[in-house]
Amino acid sequence: MNILDDILMIALRTLFSAVALFLISRFCGARQIAQLTFYDYCIGISIGSIAAVAVEKDVPLISIFVAMAVLGIFTFVLEFVTDKSIVCRRFISGTPVVMMHNGNFCLKNMKRQNYDINDILTQLRKQGYFDISQIKYAVLETDGTLSVLPYENYLPVCCNDMNISAPSSVLQYNVIIDGKVMKNNLAACGRNEQWLKNELKKQNAKIKDILLCTYDESGTLTVKPKDKSECGKNIFI
């Protein structure tokens, strides 16, 4: 009989936890799903942790209810404050950060956000930008996504509207990252390190001073040096 009572109690607690979690999520709104900022991330983890504790029979349900109610009220207050105060919004939700400025990587901003070159390249590829020479600005949004503004000549245009045929797309190989030669990538594109050094010499570039160097199937070598100068003033505040 005790076993059945325990099973029933766990089932009721689980049901209570699921209902409470659903109600709080609905109360917080779609923002928790659409725009997961730092504070949304922390709130989501907290709600999930409290809901998990609710199934433990040693913890009174009233304690779980109070914890979820306090968290729900706290979330509502934060959202109200961030809606009314720009200063609080900047502090709680954060501000967008420029990661590329006029085609150059902002190393200091990248370090502040714990971003490396591969993180940015991954997000660029997800948006369909495999050629970094096309990127003029890249901004890291508060929800962790990267917004990209290409150079004017590379803005999206429908080929049918222009009555032209689309040029063939080429894949880029990262042959140098953070001053280190990617030998496997270099071999994959049919080149060797001596060829790379000769090409870099033509551009007066040294391997140790290069942040990123790519080579595409059309034979174009694109070099991005380690530009340590400050980027333009952050206007996303």
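Some observations on this one:
- Filter result for Lys202 (charged (D, E, K, R) and free of Cβ contacts under 8 Å to residues at least 12 places away in the same chain): yes
- Screening the stretch 80-106 for residues that are farther than 19 Å from Asp178 by Cα and under 14 Å from the mean Cα position of the chain (by Cα) and picking the one that is most open to solvent (accessible area, probe 1.4 Å) gives Thr95.
- Qualifying residue in the stretch 206-218 (condition: within 15 Å of Phe130 (Cα to Cα) and in a loop (DSSP other than H, G, I, E, B)): yes
- Checking Val170 against (1) at pLDDT 80 or above; (2) in a loop (DSSP other than H, G, I, E, B); (3) surrounded by 12 or more Cβ atoms within 10 Å (Cβ to Cβ); (4) not hydroxyl-bearing (Ser, Thr, Tyr), the condition it does not meet: (1)
- A count restricted to the stretch 117-130 and to residues that are in a helix (DSSP H, G or I) and surrounded by 14 or more Cβ atoms within 10 Å (Cβ to Cβ) stands at 6.
- Among all residues of the stretch 140-161, there is none that is at pLDDT 90 or above, surrounded by 14 or more Cβ atoms within 10 Å (Cβ to Cβ) and either in a loop (DSSP other than H, G, I, E, B) or in contact with a Ser or Thr (Cβ under 6 Å, 6 or more places away or on another chain) (or both).
- The residues on offer are Asn109, Asn114, and the sole one that is of a type in the set (S, T, N, Q) and either open to solvent by less than 70 Å² (accessible area, probe 1.4 Å) or more than 30 Å from Gln134 (Cα to Cα) (or both) is Asn109.
The values are calculated or read from the model by the stated rules, or taken from the named source; none is laboratory data. Please read these numbers as outputs of a predicted model, since none were measured by experiment. Backbone-built Cβ (ideal geometry, glycine too); neighbour counts: all protein chains shown. For the accessible areas, the whole protein counts, side chains as well, though only heavy atoms, and no ligand, DNA or RNA atoms are used. Shrake-Rupley method; radii C 1.70, N 1.55, O 1.52, S 1.80 Å.
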